[in-house]
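Laboratory data are not the source of any read-out in this text; all were calculated from the coordinates shown. Values in this document were obtained by computation on a predicted structure and should not be read as measured data. FYI the Cβ positions are ideal-geometry reconstructions off the backbone, even for glycines, and counts take in every protein chain you see.
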2 protein chains.
Amino acid sequence: MSRQVLIEQSVGVDAFVSLLRAHAATIRQLNAKLSADHGLTLNDFEVLLRLSRAPDRRMRRVDLTQEVFLTPSGITRLLDGLERLGLVERGSCDSDRRVVYAVLTDAGLAKLREAATSHFAQVDEVFARFEETELTELTTLLSHLGDEVSAVDCDVAA
Amino acid sequence: MSRQVLIEQSVGVDAFVSLLRAHAATIRQLNAKLSADHGLTLNDFEVLLRLSRAPDRRMRRVDLTQEVFLTPSGITRLLDGLERLGLVERGSCDSDRRVVYAVLTDAGLAKLREAATSHFAQVDEVFARFEETELTELTTLLSHLGDEVSAVDCDVAA
DNA sequence: TCGCTACTATTGAGTACGCAAATAACTCTA
DNA sequence: TAGAGTTATTTGCGTACTCAATAGTAGCGA
């Protein structure tokens, strides 16, 4: 008799695996299109978008790190690229000389506008298979995972 | 007057952004732990797991490609690594000499067993913030994204 | 004002991929 | 059975990250 089921798994693991697959499937196609059409990474786009909404179109690197969920070095390198393209430039901070702002240039804003329409359309196309209620449901569920990793600490602190 | 909202976005985009964040947050911690404790990538683990469940603990590379959602080249390189560790070995196919099987070795199975317990526990810990119904809901929603990218084609074909 | 710790950002080294092209083997058609 | 087209896998090359270590700055207490 052969023990077929060697490793048992749980509901959590099922959810995790589906998250991995959903992510891979989604970003592969969206990244490919965004990159082919506009020469931007998903994260490039995300950064440009955040900057466009920030006061004075500028942000500290640390804050970008939080928003797009990259490591500090990831952000520096990403911004290096955008800087080479002239889409972002560096700005200094008078009150704290450690920080260097990422500032969205006019070219950056133009590029963002150019890319946004088709990109958002493609995103919506991918998510068109959902009803509107499913979509908000999905968003809130996923937000629990992304919003505060330190939820465990909260239990203790509270 | 300054136009604050330069770029408008949709419900689909919100869902997409939360997917990105949820994925990044989740795999960062789980990957770090799995890698530190057992020297395995999430995808390494996933591959070992699939192999352990396959008949004769062997699979074609093409099929692994589908299951873990990597490109063919990604799979070859991932298996290269596992092979170097002695966790997987190559097997040939008599009926089709193009295919080379990935075969889980005894060492590979042992490694998987060793890693599985703590890894699954960590996954469950991450997903513990959800109720059981939320968890299944999340899983089914995400499955729509991962299960068939060719859903668009189906409309035409059907 | 000296040090101490905490924070911001960058750099060096390494890795896990992806894409496109190449190779080899299979299959089908005429 | 020759050829064309398809499929399975690998390889070259490039890239978008990560981690660990570093440097410069800030702010604090003694």
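Results, tabulated for the structure shown:
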{"quantity": "Nearest-0.05 FRET efficiency for B:ARG53 and A:ALA107, computed from C-beta distance (R0 41 Å)", "calculated": "0.20"}
{"quantity": "Exam field: A:ILE7 pseudo-label spacings to other copies (7 Å along Cα-Cβ), nanometres", "calculated": "3.9"}
{"quantity": "Expected 222 nm ellipticity per residue - DSSP helices of 4 or more, -39500 (n - 2.57), all of chain B, to 500", "calculated": "-22000 deg cm²/dmol"}
{"quantity": "Calculated P(r) tail over 12 Å for region B:92-150, as whole % of Cα pairs", "calculated": "79 percent"}
{"quantity": "Extended-chain gain in nm, criterion 0.36 nm per residue less alpha-carbon gap, A:ARG77 and A:ALA24", "calculated": "16.8 nm"}
{"quantity": "Dmax and Rg, reported as Rg then Dmax, of region B:1-83 (C-alpha, Å)", "calculated": "18.6, 70"}
{"quantity": "Calculated label separations, B:ASP96, copies of the chain, 7 Å along the beta-carbon direction, nm", "calculated": "5.8"}
{"quantity": "Evaluated over region B:22-158, the Cα radius of gyration and Dmax, each in Å", "calculated": "16.9, 49"}
{"quantity": "Hypothetical label at B:VAL62: residues of region B:96-110 whose amide nitrogen lies under 19 Å (7 Å Cα-Cβ projection)", "calculated": "B:96-103"}
{"quantity": "Cβ nearest the rotation axis (A onto B), residue from chain A and distance to the nearest whole Å", "calculated": "A:HIS23, 2"}
{"quantity": "Set of aspartates and glutamates near A:LYS33 by C-alpha distance (under 13 Å), chain-local residues within fewer than 8 positions excluded", "calculated": "A:GLU125"}
{"quantity": "Size of electric dipole in region A:1-145: Cβ of Lys, Arg +1 and of Asp, Glu -1, about Cα centre, debye, nearest 20", "calculated": "560 debye"}
{"quantity": "Kirkwood Rh in Å, taken over the protein assembly as shown so that all alpha-carbon pairs contribute", "calculated": "21.7 Å"}
{"quantity": "Shielding by partners, peptide B:113-121 (average Cβ within 10 angstrom, other chains)", "calculated": "2"}
{"quantity": "Other protein chain Cβ atoms within 10 Å, averaged over every residue that makes up B:128-136", "calculated": "3"}
